[in-house]
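The values are calculated or read from the model by the stated rules, or taken from the named source; none is laboratory data. Note that the coordinates shown come from a computational prediction; the quantities given were computed from them, not determined experimentally. Using ideal geometry, Cβ is built from the backbone for each residue, glycine included, and neighbour counts are taken over all protein chains shown.
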Amino acid sequence: MNITLVEPFFTGSHADWAKTYARYSEHDVTILSLSGNYWKWRMHGGAVTLARKFLASRTPSDLLLVTDMLDLTTFLALTRRRTAHLPAVTYFHENQFCYPWSPADRDVLQKRDRHYGFVNYISALASDLVVFNSVYHQTAFFEELPRFLNHFPPPNERGSVSDILAKSRVLHLGVDLSKFDDPALRKPPDQAPEGIPVILWNHRWEYDKNPEAFFQALFALDEQGHDFRVVLLGGHFRQTNSMFATAHEKLGSKIIHSGYVDDFEQYARWLYRADIIPITSIQEFFGASLVEAVYCGCYPLLPMRLTYPELFPYETCSSLFYRDSEEFVEKLSGALLSIDAIRMLNFRQYVEKYSWRIMAPEYDEVLSAVRTNTAFM
């Protein structure tokens, strides 16, 4: 089967997901994309540009696999002479009903942020199948969608929620974990000290990852006299959260690396050297960077919310979870004090099932079924 994968925001985890599925799939996957910047304009106008690119291409297509960043209805309208007969599947990495907007965002201040949620809604409505990257995400989406539609006057089409639910399912995010299996990647970076515990941040430097809570905990540990080092990985877009600058001032030489690493070998070596990955996010629909770190041996410390109890079942992993900031600092302090025991623990068994070697055949089967079912509709 020929799949056209349409991604208006081709960067970070979105780009990794698209490229690695294309590589591991038994189908022929062609990626149609735009660069990963100006995300709001990508949701507004990306469909127009991508429709033009699609019509100009000669690549055969049997199915459209698009992401939540695309206005699918506009794309289909502009390409109808080639797509009228094609099934369309929308994969939700995130959604704009649940996404925590920064209070300082201009669209929030001017009360014009609902358009982005509406794009998600009509794209889901126009899809033959709606796919979510976690059970948590699927649940949150259908809890928030009726509330979102209540903002509009009648008829506000709340009845369409059940229609979307009926054609939805979960396919967890695939992660390219096999690339971490090279033994050479276990050699620690030159900057990494021996013995001293290393705390890792390998997420975007953005509001939704809640760097404030992360660094406030580290400041508290520093004041308590703990000896540790910090590695700050991950990228950021046009604006950098000011808390990172504050952290450099307060933690000084405890920060042994700060900044995005585009060399995979260096990135992997930092993950293998790190000991603890504390998570403070206020939004997470899956957690690819966490999965990578745990696969490489990091000990996770997780809030008891969002997708984390799905990734690490509380029944068997209760020690990994905290419920408030006080318990977070307490458990992080305890991990540092018992670092030798922490280093003996391994939670890879909980994340290795998300490897593309396992997930790609499941994706292939689901997408093949969509193509087969819609061909006879």
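From PHE328, PHE347, grab the single residue that is surrounded by fewer than 22 Cβ atoms within 10 Å (Cβ to Cβ), within 18 Å of LEU200 (Cβ to Cβ) and at pLDDT 95 or above.
Answer to the check: PHE347.
Regarding region 55-72, can at least one residue be identified that is part of a strand (DSSP E or B), touching a His at 6+ places or on another chain (Cβ under 8 Å) and closer than 18 Å to GLY174 by Cβ?
yes
Taking the residues in region 38-58 that are surrounded by 15 or more Cβ atoms within 10 Å (Cβ to Cβ) and among the aromatic types (Phe, Trp, Tyr) as candidates, determine which candidate is modelled with the highest pLDDT.
PHE54
Given the conditions (1) assigned to a helix (DSSP H, G or I); (2) surrounded by 19 or more Cβ atoms within 10 Å (Cβ to Cβ); (3) assigned by TED's automatic domain parsing to the domain that holds TYR308, report the number of the one that GLU212 does not fulfil.
Going through (1) assigned to a helix (DSSP H, G or I); (2) surrounded by 19 or more Cβ atoms within 10 Å (Cβ to Cβ); (3) assigned by TED's automatic domain parsing to the domain that holds TYR308 one by one, GLU212 breaks only (2).
Got a number for residues in region 248-289 being touching a strand residue (DSSP E or B) at 6+ places or on another chain (Cβ under 8 Å) and acidic (Asp, Glu)?
Of the residues in region 248-289, 1 are touching a strand residue (DSSP E or B) at 6+ places or on another chain (Cβ under 8 Å) and acidic (Asp, Glu).
Could you give me the residue pairs with C-beta distances under 8 Å whose first residue belongs to region 173-188 and is more than 15 Å from ALA293 (Cβ to Cβ), whose second residue is among the polar types (S, T, N, Q) wherever it lies, and which are 6+ apart or on separate chains?
If the second residue must be among the polar types (S, T, N, Q), the pairs left are GLY174/THR20; GLY174/SER355; SER178/SER355.
So that you can scan it fast, the table gives a plain yes or no per residue for (1) touching a Pro at 6+ places or on another chain (Cβ under 8 Å); (2) free of Cβ contacts under 8 Å to residues at least 40 places away in the same chain; (3) of a type outside the set (D, E, K, R); (4) within 20 Å of PHE132 (Cα to Cα):
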site	(1), (2), (3), (4)
ALA15	no, yes, yes, yes
THR20	no, no, yes, yes
HIS27	no, no, yes, no
GLY45	no, yes, yes, no
LYS53	no, yes, no, no
SER61	no, no, yes, no
LEU64	yes, no, yes, yes
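Can you find even one residue in region 296-309 that is assigned to a helix (DSSP H, G or I) and either touching a residue at least 12 places away in the same chain (Cβ under 8 Å) or among the charged types (D, E, K, R) (or both)?
Yes.
Determine which member of the set VAL170, VAL198 is in the same structural domain as ARG269 (by TED's automatic domain parsing), surrounded by 14 or more Cβ atoms within 10 Å (Cβ to Cβ) and β-branched (Val, Ile, Thr).
VAL198
Taking ASP222 as the residue in question, decide whether it is touching a residue at least 24 places away in the same chain (Cβ under 8 Å), part of a loop (DSSP other than H, G, I, E, B) and either surrounded by 14 or more Cβ atoms within 10 Å (Cβ to Cβ) or among the charged types (D, E, K, R) (or both).
no
If you go through region 272-289 one residue at a time, do you hit one that is over 16 Å from the mean Cα position of the chain (by Cα) and assigned to a helix (DSSP H, G or I)?
Within region 272-289, one or more residues are over 16 Å from the mean Cα position of the chain (by Cα) and assigned to a helix (DSSP H, G or I).
Here are some residues: ASP190, ASP181, ASP163. Which one is surrounded by fewer than 16 Cβ atoms within 10 Å (Cβ to Cβ) and under 27 Å from ALA247 (Cβ atoms)?
On inspection, the qualifying residue turns out to be ASP190.
Residue check, ASP262 against (1) of a type outside the set (Val, Ile, Thr); (2) assigned to a loop (DSSP other than H, G, I, E, B); (3) touching a Leu at 6+ places or on another chain (Cβ under 7 Å), all met but one. Which one?
(3)
Got a sec? Which of SER325, SER318, SER338 is of a type in the set (Ser, Thr, Tyr), closer than 16 Å to PHE214 by Cβ, out of contact with any strand residue (DSSP E or B) (no Cβ under 9 Å at 6 or more places or on another chain) and in the same structural domain as ALA293 (by TED's automatic domain parsing)?
SER325
Taking region 124-147, which residues are surrounded by fewer than 21 Cβ atoms within 10 Å (Cβ to Cβ) and under 21 Å from THR74 (Cα atoms)?
Listed by number, the residues that qualify are LEU125, ALA126, ASP128.
Residues in region 194-203: is at least one under 20 Å from GLU284 (Cα atoms), within 27 Å of the chain's Cα centre (by Cα) and at pLDDT below 95?
yes
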